[in-house]
Amino acid sequence: MKLEELRGKLVYQGLLLGGAALLTSALLSFFSQATEADIKAAEAADLKQSLAQVLPGEYENDLLKDTVTLTGKKGEVLVYRGRRAGKVEAVVYQVIGNGYAGNIVCVMGVSREGKILGVRVISHKETPGLGDKIEPAKGDWIHSFEGKWLGEPAADKWAVKKDGGVFDQFAGATITPRGVVNAVKGGLEFFEGNKSALLDEAGGVK
Amino acid sequence: MNEKYARITKDGLWNNNVVFAQMLALCPLLAVTSSATNGLGMGLATTAVLLLSNIIVSSVRHLISPEVRIPVYIVLIATLVTLVDMSLNAWAHELYKVLGLFIALIVVNCAILGRAEAFASKNSVADAALDGLMMGVGFTLSLVVIGGVREIFGSGTLFANAHLLLGPAFAFLETTIVPQYKGFLLMILPPGGFMAVGLLLAAKRVIDRRHAERAEAAATVAAAS
């Protein structure tokens, strides 16, 4: 009966709320610390895996540790670099295209010669069934960039077929591939514009 | 005693089903049931949280003042969801990538607060645990059925990508119902969710009414003889 009486008191209720908040936040902060290292490791492995998709082959260094940050047209770009025999052989960075429904975030790998090694879409909000053919799971389209560079096709052909270019559009979705093509073209221009810094030549950052 | 457990089970699975009888949790439901696999993932995560929250709420039910019960329940549920979210992220990262978005949605699932309030705060721990489990299983089944219907009509497959959620051992679940299906976008988009829920709800009502009519007829026959 004593508990019943106590439960009606304002002080008890305040203490109960405070106690519940205190206990749960203590639990959460403890748990957050316990899982932090594992979460970081899992995310790094994840990033490595997605980098490996656009950067086929073996590199001697840890891509995640050899990075350089440069200023592109749309703000800062974090570039991961893969080396062989001390030389930067390939770089990976993010490019963002304007899709039909918001940004399309892609990563692209570019070789030392400026050729595309691979492009992958990381996140997008395009219409399922129409625009989502840019995902490798739903179509081969994204592979059509491999081996291309700024001279092949020529600069004015870096567009979807509807705009006079060489890249396919999808039935019912032109804006999505157009956004990706423009983003990749912009990425290549960024590579050409920052070549020496990217390839760590002429005493670049090491 | 057994009769009580049978009733709790039946309530959770059919009579008082979260989706088809209480009409709760429709928001996360419409968002995730574009395929049967997504429905299953969301259902399982919700079941885990529902079971734990029912057990905890029931075991501290004598300590909680009725006046402040709602904030206490909400803090409890939000904590549980965050714990589940963090542990999946740390130790089952592949699963987390599939379910990540849905886990946070569980906090806004009013079914969990609803069970804490309507059942766990008034019943023993064992009863509350069974209720949480059965409500969760009922919810999972509803999500899988709705997701399955939308997936079959929308993309002609069933349980696509199940191996991402359950591991490679469950790849056999992935079936293509209609080969070379062009897809029916409406069913994948949210309006298709409303349609599927509406039609399935109507079907459940029809079954329930048939059942009641048959029981009534049996009762009249019994009374007449």
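Points to keep in mind about this one:
- Of the helices (runs of 4 or more DSSP H) that lie entirely inside the range B:109-174, those containing 1 or more residues that are of a type in the set (Val, Ile, Thr) span B:110-118, B:125-155.
- Scoring residue B:86 on the criteria (1) within 24 Å of residue A:16 (Cα to Cα); (2) surrounded by 20 or more Cβ atoms within 10 Å (Cβ to Cβ); (3) out of contact with any Asp or Glu (no Cβ under 7 Å at 6 or more places or on another chain); (4) not charged (D, E, K, R) leaves a single failure, condition (1).
- Answer residue from the range B:82-125, given it is β-branched (Val, Ile, Thr) and within 11 Å of chain A (Cβ to nearest Cβ) and is nearest to residue A:27 (Cα to Cα) among those: B:82
- Neighbours by Cβ (under 7 Å, 6+ apart or cross-chain): first from the range A:144-155, in the same structural domain as residue A:189 (by TED's automatic domain parsing); second surrounded by 11 or more Cβ atoms within 10 Å (Cβ to Cβ) and in a helix (DSSP H, G or I): A:145/A:184; A:149/A:188; A:150/A:188; A:150/A:192
- Scan of the range A:58-77 for residues that are within 25 Å of residue B:94 (Cβ to Cβ) and either surrounded by 11 or more Cβ atoms within 10 Å (Cβ to Cβ) or modelled with pLDDT of 85 or more (or both), ordered by number: A:59, A:62, A:63, A:64
- Residues that are assigned to a helix (DSSP H, G or I), at the interface with chain A (Cβ under 10 Å from one of its Cβ atoms) and either under 19 Å from the mean Cα position of the chain (by Cα) or crowded, with 16+ Cβ neighbours inside 10 Å (or both) within the range B:50-73 comprise B:68, B:69, B:72, B:73, listed in sequence order.
- Some residue of the range A:144-155 being in a helix (DSSP H, G or I) and either within 14 Å of chain B (Cβ to nearest Cβ) or not aromatic (Phe, Trp, Tyr) (or both): yes
- Hey, residue A:97 buried (at least 22 other Cβ atoms within 10 Å of the Cβ), touching a residue at least 12 places away in the same chain (Cβ under 8 Å) and not in a helix (DSSP H, G or I) or not: yes
- Scan of the range A:1-58 for residues that are assigned to a helix (DSSP H, G or I), in contact (Cβ under 8 Å) with a residue 12 or more places away in the chain and either within 10 Å of chain B (Cβ to nearest Cβ) or of a type outside the set (D, E, K, R) (or both), ordered by number: A:44, A:47, A:50, A:51, A:53, A:54
- Given (1) in contact (Cβ under 8 Å) with a residue 40 or more places away in the chain; (2) within 21 Å of the chain's Cα centre (by Cα); (3) under 30 Å from residue B:66 (Cβ atoms), index of the condition residue B:158 fails: (3)
The values are calculated or read from the model by the stated rules, or taken from the named source; none is laboratory data. Note that the structure is a prediction, hence the values are computed from the model and not measured. Cβ coordinates were reconstructed from backbone atoms using ideal geometry, including for glycine residues, and neighbour counts include every protein chain displayed.
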